[in-house]
Amino acid sequence: MGKGDVKTKRGKIVNGSFGVSRPHKAKKAAKVTPAVKADKKA
């Protein structure tokens, strides 16, 4: 459980790998623009 243990976050940082304990940086969620509401006048 240290720098040599690739199953831990610290071990993955030292090894330079990614996985369950050290996922890649999540991308920012795309902005959801609200749909333009149409007037329903008949």
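How about the stretch 3-42: which of its residues are part of a loop (DSSP other than H, G, I, E, B) and touching a Gly at 6+ places or on another chain (Cβ under 7 Å)? Explain how you work it out, then say what you get.
Pass one, the stretch 3-42, residues part of a loop (DSSP other than H, G, I, E, B): 3-8, 16-42.
Answer for the stretch 3-42, where residues must be part of a loop (DSSP other than H, G, I, E, B) and touching a Gly at 6+ places or on another chain (Cβ under 7 Å): K3, G4, D5.
Out of the residues in the chain that are among the hydroxyl-bearing types (S, T, Y) and over 13 Å from the mean Cα position of the chain (by Cα), state the one that is surrounded by the most Cβ atoms within 10 Å (Cβ to Cβ).
Per the criteria, the residue is T8.
Taking only the stretch 16-42 into account, find how many residues are more than 30 Å from G4 (Cα to Cα) and of a type outside the set (G, A, S).
The qualifying residues number 10.
Based on this model, can you work out whether T8 counts as touching a residue at least 12 places away in the same chain (Cβ under 8 Å) and of a type in the set (S, T, Y)? Reasoning before the result, please.
On the way: touching a residue at least 12 places away in the same chain (Cβ under 8 Å): yes; of a type in the set (S, T, Y): yes.
Here the answer is yes, as T8 does meet what is asked.
Bear in mind these aren't lab numbers, they're just calculated from the coordinates by the rules spelled out. None of these values were measured; they are calculated from a predicted model. All Cβ positions, even for glycine, are placed from backbone atoms using ideal geometry, and neighbour counts span all protein chains on display.
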